[in-house]
Amino acid sequence: MNKLSDDSKKSMIARILTAFVLSAIGLPLLVLGNWYTFGIILVLALISIYEMVKAPGKKRYPLFLIGIIYIFVLSFIYWQFLKDESIRNQIFNNQYFTLTTLNLSTIGILTLFLILFFISIINKRVTLSDVCYLFTMSVFIGFGVYASYFLRYFPANMQYWGNDYASCILFFYVMIGTYMSDIGAYFIGVLFGKHRMNPRISPKKSWEGFFGGWIISIAFSISFAAIMEYCFDLPLIPDVICFSGTNWKWIVLLSVIMPLAANLGDFLFSSIKRNFVIKDFGTIFPGHGGVLDRCDSLITTNIIIAILVLLISNDWNFLM
């Protein structure tokens, strides 16, 4: 077992305390659904956009460009809400609503790229590298945040209509799979890690932590799904992703993929931080950094799992 330094002990305590505070505030809002979930995800999205545009340097981008990024990322996130009048009416009338599709505005994506490219031509402060960074991150974060809404509100369309406490099961399943991977990898890596995975991108990540987090994530996510279904009669998605018949294989598949997706997201955002020579995207969460530092793995996992959930629910019809 590795000997912990004083800094490691302080960091561990700060991470644990912050995690408890975040859970106490955020989890009830996510369970309640409707405006509560809608609001907390919106706030996190706004902070994420801010952290994204300031990562290369606070004074690197002109204010009008930052405003453009905010407009387009938010439009990517809320495109389905803007597009579907029935969802808007249900939200404003405080009724239950569901999301059953994953899509972004192709016109919006193309328009953003052209605007960014044009700005790089007329403004010497904005380089082609900036265009690539802002474009890819805007689309990625926009789609990732929308995937959070999708996972939270999709199950209600099956058999959980109007039951907020039941319709959040799938969302929490993904959160458990993602964060137990992070937690397991952190503690096992700190205590037993000796073989580094990729020192160039993430110097502290170890193979011991990776496999430990992977196993812990699978165990906790499958256990959560089993407890919800057998003890409370709340399968992830009734008759689709559950333990009845052969549908259990989808739970195993998703549980195996989630920690892999979480690590991919962690490496992706770590590579961005290394490129801009910053330690964290922000400082809002003591011991964790910013929203993107805390949600990097969740954003990536949400995208991958949301796509798989939609494919599984539509019998793997890629032309849905």
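Details
- Failed item in (1) modelled with pLDDT under 95; (2) among the small types (Gly, Ala, Ser); (3) over 12 Å from ILE188 (Cβ atoms), with GLY209 passing the rest: (3)
- Residues that are among the polar types (S, T, N, Q) and touching a residue at least 12 places away in the same chain (Cβ under 8 Å) were ranked within the stretch 88-110; the one that is nearest to TRP35 (Cα to Cα) is ASN94.
- Total residues in the stretch 279-320 satisfying the condition of being assigned to a loop (DSSP other than H, G, I, E, B) and within 16 Å of ILE47 (Cβ to Cβ): the figure is 8.
- Total residues in the stretch 199-226, condition open to solvent by less than 50 Å² (accessible area, probe 1.4 Å) and outside any helix (DSSP H, G or I): 4
- Among (1) open to solvent by less than 50 Å² (accessible area, probe 1.4 Å); (2) out of contact with any Ser or Thr (no Cβ under 9 Å at 6 or more places or on another chain); (3) modelled with pLDDT under 90, the one test that PHE285 misses: (2)
Quick grid of which residues meet (1) under 16 Å from ALA147 (Cα atoms); (2) among the β-branched types (Val, Ile, Thr); (3) open to solvent by 10 Å² or more (accessible area, probe 1.4 Å):
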site: TRP35; (1), (2), (3): no, no, yes
site: PHE38; (1), (2), (3): yes, no, yes
site: ILE41; (1), (2), (3): yes, yes, yes
site: TYR50; (1), (2), (3): no, no, yes
site: GLY57; (1), (2), (3): no, no, yes
site: PRO62; (1), (2), (3): no, no, yes
site: THR106; (1), (2), (3): no, yes, yes
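- Failed item in (1) of a type outside the set (A, V, I, L, M, F, W, C); (2) over 18 Å from the mean Cα position of the chain (by Cα); (3) at pLDDT 95 or above, with SER138 passing the rest: (2)
- Qualifying positions in the stretch 116-135 - open to solvent by 10 Å² or more (accessible area, probe 1.4 Å) and within 23 Å of the chain's Cα centre (by Cα): CYS132, TYR133, PHE135
- The requirement of being open to solvent by less than 20 Å² (accessible area, probe 1.4 Å) and farther than 28 Å from GLY57 by Cα is satisfied by ILE251.
- Meets criteria (touching a residue at least 12 places away in the same chain (Cβ under 8 Å) and polar (S, T, N, Q)) for THR300: yes
Every residue, every condition in (1) under 22 Å from TYR149 (Cα atoms); (2) of a type in the set (Val, Ile, Thr); (3) buried (at least 22 other Cβ atoms within 10 Å of the Cβ), yes or no:
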residue	(1), (2), (3)
GLY177	yes, no, yes
TYR186	no, no, no
LEU191	no, no, no
MET228	yes, no, no
LEU236	yes, no, yes
LEU264	yes, no, no
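- Residue-level check: of (1) free of Cβ contacts under 8 Å to residues at least 60 places away in the same chain; (2) surrounded by 13 or more Cβ atoms within 10 Å (Cβ to Cβ), GLU85 misses just (2).
- Across the stretch 177-217, the number of residues qualifying as more than 13 Å from PRO259 (Cβ to Cβ) and touching a Gly at 6+ places or on another chain (Cβ under 6 Å) comes to 4.
- Any hit, the stretch 240-247, residues being part of a helix (DSSP H, G or I), touching a residue at least 60 places away in the same chain (Cβ under 8 Å) and surrounded by fewer than 23 Cβ atoms within 10 Å (Cβ to Cβ): no
The values are calculated or read from the model by the stated rules, or taken from the named source; none is laboratory data. Remember, predicted model here, so these are calculated numbers, not experimental data. Heads up, the Cβs are rebuilt from the backbone with ideal geometry, glycines too, and the neighbour counts pull from every protein chain shown. In case anyone asks, the SASA skips ligands and DNA or RNA and just uses the protein heavy atoms, side chains included. Shrake-Rupley method; radii C 1.70, N 1.55, O 1.52, S 1.80 Å.
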